[in-house]
Structure formats: structure tokens, C-alpha cells
């Protein structure tokens, strides 16, 4: 058992995860840059606008490439482990929600945003279980143990981000807690992405070893 | 059972439960909901970006049929919204003010006095009027506070999940399809064109003698209903606590012998507000002086038509800017475009109503719905010149 398809697919998932994190960082930087810029006037205004557009476009391009890599990676990996296919469904749901968020507002966007967050969590849940299955077949108990831990962390982090976002909608803004909680929610999601990256990296190394084992 | 199978089963159960919740939310918000012009107005308020409004107007139909935010922006440059609901109760006014504080922090809050001028408690205990406003408020601490203190225990869930009350509305389809489409279209567009304004295209038809010409000399007072006076004091206490810049206003009405006591109660309320340091504009008493013609500028005894609303808006906006010191904050580029759309839609609506009233005097509602908005395209959005 060398799972060549899973190896190629997980490699792409790993690259996609890195791009996804970079894209999030770029969006964060563009928001901070815009907020920290002084009152724009004349040439300074053009400068601020172009830098913001540049960073945001880079973030969008990375996000799109990450999405395509994730989709292709899962499609390849599913030939060796069927549960990767379920993660693929939720990638498509996430993409649909992101598009809906571009055009919608109000309750429509709140529902789309909630579905998007839950789907992101489910993508990772199915990727982790798939890797867990592969590790079981390869007899790699260390990756299995790490998988359980990563699953727990990601569920707690994304679950917390989801609950915080619901809570933020209800608390009075005058207390200024809402903004702080939104930052906490973003940090939770970001740590979740890092945990996912680390575990996918572990899976990639496990599958690479399996390839080398056969070749040697 | 294997670990993977346990997780898969948990995920499936969670997805099922979340799907049921999401379906209920969609049904409650779009399909099994009593959507009317009040819903669209309140919904539109929450779509306004945080801290983007210079003034918020709160009250009943007396204000949403009298003040045109699009016109005020075009002529005076300040942004405003009508967080108003048909026959809003005094509790509704208090909750609306708290919601404005929670979401907008505007430079000024303008409250139309009507909710405090009833001679009895009938309006405040009218379930239909209570539901018309509170069903449309999103769940928040302020809504929960109202529910906890004012709603009987067995009715509380209806306010939290209006689906419980309106689940049988499906029998009223397809008649409700236009309002459902209006709700969806507002949600997708993300902002309200008329900023809460609603009118009826009609010129008043009544044989009752109008007493508006006597009002400028009317100084008599009549006590407010004790419960409503207590509510007013509660509201003023809250405004003091929050250091809010609040201005009270009484919009013009076609005053008859039957409604004359409301004028006296309004005078009393003006004195109470002034004593607490809040300005109160009894525009109703000066309606004739600002050029509001009782035979032409009303669509019924309680509401002005577009002709009256235009005059009232110009008058009040000028007072708010120059006497009350309302300031217009600079807008972001995308918001400027939205407000330009609001100006165009308001001017188109004026001409649409003018056209309807000149052709026939059959009453027709004109508001933020897909049917009215689709018709507006046929009319010019250029500035309305006052005579």
C-alpha cells in the first residue's frame, strides 16, 4: 500500500493550505493598512488606494488558486480514500457561500456566512478522518494520535469562532466588546488553519515515506 | 465502532440539525413572515453601515409619511433613516432609541411624539401594533429586554421565533409573493432606496372642518395619559444617561374637532420635554405658516401626501441643521452612490405620486416594494423645485 493518488492529492492540499493562509494574511494586512493610513488627500490618496488594491488582488488570486488546488487535490486523493470526496462537496459549498456573500446582505449573508464557517470545519474534519484511515492502513499510530488531537483542536477553534460570530450579532455595540470578539474569532480561525496545515504536513510526510519505502 | 465511523455519524447528525435550523431561519425570514412596509423599513435600517447615519427619525406613520431622507440629503447633505413602524407603541419608541444607540451613534435622534399622545392605553396594548414593530427587530439584548419585561410568559417564544406565530401564512400565497420578492430583493441589494419613506398617492377627501388655522394660537394643555407620561419620563431618563442629542417633533395633521385634544396633549408634552432640556418642535401648530395646505397636502387626517412631506422635510431639515446644529459627516464613495440612488428614487416617487394624483384620486400606496420600484423608472429623478 503506497497510496500514490493520496500522496499527490495531499501534496496539493498542503500547498493549497499555505496559499490559503497567505491569502488571509494579505487580506488582514490590507485591512490594517487601510485603517492605519492617514486621512487620504491628493497623491497620498492614490498611493493608499493602489497599495490596498494591490494587496487585496494578490489575496484574491491566492485564494482562487488555493481553492482550485484544494479541489484538484481532493479529487486525486479520493481515488485512494473515499472520504476525501465528502470534503470535496464541502469545498464546493464553501465556494458557493463565498460567491453568495459577494452579492448578498442581511439575513441572507448571515446564513451564507454561517454555512461557510461550518463547511470549512467539515472540510477539515473529512480530510483528517481520511488521513486517519490512511494512517491506520499504514500502521502509523503516531499520525493517528496526532489526527485525533488535531481534530479536537480544529473543532474547538472553528466551533468557538462560529459561536463568537453568533454572539457578536446580539451584544450591544456600545460596549465595544464586539470588535474585540471579532478579532478573537479571526484569531481562532487563523490558529485553526495553522493546526490544519501542520497535520496535512504530517500526512504528506507519512505518505512520502510510504512512496520511498516501496521505491527502496 | 471505529473512531472514524463515530466522527462520521456525529457529523451527519450535526449537519441534519444545522440544516433544520437553517431551513427554519430561511422560512422565518423570507416565506412564513408577515412582510409589509414596516418590515422592509426596519430591515433597511439594519442594513445601513454602522455609524453611517447623521440622524435617525423614530416614530409612527406620522413620521415615515412626512419626512423624506432622500430629499434631506439632496438639499442639506445629511444622511438619515426612518426607524418607524405603523402605530408604534411607547415601548417601541424606547426600544428603537436603544437600538439606534447600539448600532448607529448618530449626531441626532428625532422622535415624533404620536406614541405618547393617545388619551388611553389602547395603542400600547394593541397586540397587532406591538407585533408590527417587534417581530421585525432582529434578536438583540434590547429586544430580549422588552420581551422579558412586557410579554406574558406563554407568548414570549412568538417574539423570539415569529415562525411560531406565522407558520400558517403559507395559505396566503401566492398573494404575498410581491412582498416576499421585495424582502428578498432588499436583502440582495443591501440598502433601502427610500430610507423608510412611505406614502399614499391621494389628496384628502373629507367634509370635516379643518381647525389647523387656529393651532398657532392654541396654548391650552391637556394632561398626558399617566402611563404614557411615565414612559416618556423613562425615555428621557435613558436619553440623559446616554447623553443623547434628542429632538422631539410633532408632524402636521389635518386637525378636526375630534382630534383637537391631541394638540393640547402635544403642547403639554412640549412643556415636559422643554423642562427636561429637550427641544420640541410643534410643527403641527405652525403648519399653515410653513405653507402646508390642509386641502391639498394631506392624504388623510393623520398623514401628509408627497406635497406636504416635501414642505415638512425642507422645513424640519433646515431647523435641524441651522438651529440644532446637526452636522453632516463625510461619506465613503460607495455610500455616496447609495445616497445618490436614494435621492433619485425619492424624486421619482414624488413625480409618480403627483402623476397618480393628477390622473385620479384613487388611493394607492407608494413604498419600498418591487411593484412601486419597478414603476419609478418611468419618472425623472431630477431635483423637485419648490414653488
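Computed values, structure above
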| read-out | value |
| --- | --- |
| Label-point separation in nm, residue B:141 to residue B:153, each point 7 Å along Cα→Cβ | 2.6 |
| Evaluated at q = 0.12 Å⁻¹: base-10 log I(q)/I(0), Debye formula over Cα of segment A:4-215 | -0.70 |
| Packing-based order for A:146-157, B:81-92, using average beta carbon neighbours within 10 Å, highest first | B:81-92, A:146-157 |
| FRET efficiency for residue B:167 and residue B:222, using Cβ-Cβ distance with R0 set to 51 Å, rounded to 0.05 | 0.70 |
| Translational diffusion of the protein assembly as shown, µm² s⁻¹ [Kirkwood Rh, Cα pairs; Stokes-Einstein; 20 °C; 1.002 mPa s] | 79 |
| In nm, spacing of pseudo-spin labels at residue A:1 and residue B:340 (7 Å Cα→C-beta vector) | 6.4 |
| Label-to-label distance, nm, for residues given as residue B:185 and residue A:50 (7 Å Cα→Cβ offset) | 4.2 |
| Segment B:182-258 and segment B:92-122: distance between their alpha carbon centers, rounded to Å | 10 |
| Protection proxy ranking of A:8-15, B:111-118, B:288-295 - average other beta-carbon atoms within 10 Å, highest first | B:111-118, A:8-15, B:288-295 |
| Peptide-level mean, for B:7-15, of C-beta atoms on other protein chains within 10 Å | 3 |
| FRET E, pair residue B:13, residue A:58, Förster distance 41 Å, beta-carbon r, rounded to 0.05 | 0.50 |
| Between segment B:279-321 and segment A:151-169, the alpha-carbon center distance in angstrom | 52 |
| Percent antiparallel among DSSP beta bridges (both partners in chain B, rounded to 5) | 25 |
| Per-residue average of Cβ from other chains inside 10 Å of B:16-29 | 2 |
| Taking chain B and dividing mean pair separation by its residue count, relative contact order in percent (alpha carbons under 8 Å, at least six apart) | 25 |
| Counting DSSP beta bridges with both ends in the protein assembly as shown, the antiparallel % (nearest 5) | 25 |
| Highest to lowest packing among B:175-182, B:95-102, scored as the average C-beta count within 10 Å | B:95-102, B:175-182 |
| Computed over chain B, Kirkwood Rh from alpha-carbon pairs, angstrom | 22.0 |
| Peptide A:145-151 - average C-beta neighbours from other chains (10 Å radius) | 1 |
| Distance between segment A:128-147 and segment B:329-385 - C-alpha centres, whole angstrom | 63 |
| Calculated on alpha-carbon atoms, Rg and Dmax of segment B:233-336 in Å | 16.0, 50 |
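Values quoted throughout were computed directly from the atomic coordinates according to the rules given, and no laboratory measurement underlies them. These figures come from a predicted structure and were not determined experimentally. Using ideal geometry, Cβ is built from the backbone for each residue, glycine included, and neighbour counts are taken over all protein chains shown.
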